[in-house]
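Please treat every number below as a calculation from the coordinates, not as lab data. Being a predicted model, the structure only gives us computed values, none of them experimental. Here the Cβ positions follow ideal geometry from the backbone for every residue, glycine too, while neighbour counts run over all protein chains shown.
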Amino acid sequence: MFKIAPRFKKEGQVKMTQKKSLPISSWDIVFPNDANPLGTMFGGRLMAIMDEMSGIAASRYCGRPAVTASTEAFIFYNPVRVGDRIETIARVVWTGTTSMVVKVQVFSENPIQGRERRQCTTAHFNMVAVDEQGKPTAVPPLLVESEEEKRDYDVAEIVKNQAIIRKSQVMERKQK
């Protein structure tokens, strides 16, 4: 069993207990108004579904509202077509002091058309827990137990660090 060491909090903050993240999922059907003239789902529509699911997963994990700070590493593997059923699965895979990385995967299937279940998209969302005033607030440290959870944690940490670097580079260029 892997256990990620709890972070030390600033003076005056309560030490939080590690928490397990459970996946959430939802199902949708792709209708013609969700698709382009080629009959494949708009990427933006799929991204919106994934963003909603990441918000729900993050909020359920931390017990507070969570907002999207950035979207990272969107990978589209296979097209989603009109008539497909899509399953969206989201799970918190990394936590910081106030932020969480949520891994979201989308799978599609269409038994009527003879298309078996296949992975269509994966992305990571950087989410921030907020209090009643919209200010960032602490989240529980993530309990990582299985090999798969450890791999997801390691990938998410890389994604998070790259996002931090990219943000600082953009901010630096804006100031020039």
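Per-structure values
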{"read-out": "For 107, 74, 31, order by how many other beta-carbon atoms lie within 10 Å, fewest first", "value": "31, 74, 107"}
{"read-out": "19 Å cut-off, amide nitrogen to a point 7 angstrom out along residue 25 Cα→Cβ, residues in the range 52-93", "value": "52-58, 60-61, 77-78, 80-81, 84-93"}
{"read-out": "Which label in [x] 51, 36, 28; [y] 59, 48, 30; [z] 76, 34, 31 gives the computed Cα extents along the principal axes in Å", "value": "[y]"}
{"read-out": "Of all DSSP beta bridges in the chain, antiparallel share, percent nearest 5", "value": "95"}
{"read-out": "Calculated [θ] (222 nm, deg cm²/dmol) that DSSP helices of n ≥ 4 give over the chain, each run adding -39,500 (n - 2.57)", "value": "-9500 deg cm²/dmol"}
{"read-out": "Label point distance in nm, residue 115-residue 131, each placed 7 Å from Cα along Cα→Cβ", "value": "4.7"}
{"read-out": "Simple label model, 7 Å out from Cα along Cβ direction - residue 161 to residue 56, nm", "value": "3.3"}
{"read-out": "At most 14 other Cβ within 10 Å, DSSP loop - GluC sites (Glu not before Pro), the range 74-145", "value": "132, 145"}
{"read-out": "Karplus-derived HN-Hα couplings along the range 130-137 (A = 6.51, B = -1.76, C = 1.60, θ = phi - 60°), whole Hz, x at Gly and Pro", "value": "10, 8, 5, 8, x, 8, x, 9"}
{"read-out": "Sequence-distant residues sharing a close amide H with residue 19 (under 5 Å, placed H)", "value": "142, 143"}
{"read-out": "Modelled FRET efficiency - R0 30 Å, residue 77 with residue 168, Cβ distances, 0.05 increments", "value": "0.50"}
{"read-out": "Above-threshold pairs, the threshold being 29 Å between Cα atoms, out of 19/174; 150/176; 103/135; 20/160", "value": "19/174; 150/176"}
{"read-out": "Cβ-based exposure ranking for 28, 154, in which fewest neighbours within 10 Å come first", "value": "154, 28"}
{"read-out": "Karplus 3J(HN,Hα) series, Hz, for the range 162-169 with 6.51 cos²θ - 1.76 cosθ + 1.60 (x for Gly, Pro)", "value": "5, 5, 5, 4, 4, 5, 5, 5"}
{"read-out": "Residue exposure sequence - 173, 60 - by fewest surrounding Cβ within 10 Å", "value": "173, 60"}
{"read-out": "Cβ-based net charge around residue 28, under 15 Å, with every Lys or Arg adding one and every Asp or Glu removing one", "value": "-2"}
{"read-out": "Hypothetical label at residue 68: residues of the range 45-60 whose amide nitrogen lies under 15 Å (7 Å Cα-Cβ projection)", "value": "45-59"}
{"read-out": "Rounded to whole Hz, the Karplus (6.51, -1.76, 1.60) HN-Hα couplings of the range 27-42, x for glycine and proline", "value": "10, 9, 10, 8, 9, x, 6, 8, 10, 7, x, 7, x, 9, 5, 4"}
{"read-out": "Long-range HN-HN contacts of residue 93 with modeled amide H, under 5 Å", "value": "101, 102, 103"}
{"read-out": "Amide H contacts under 5 Å for residue 80, placed H, 5+ residues apart", "value": "41"}
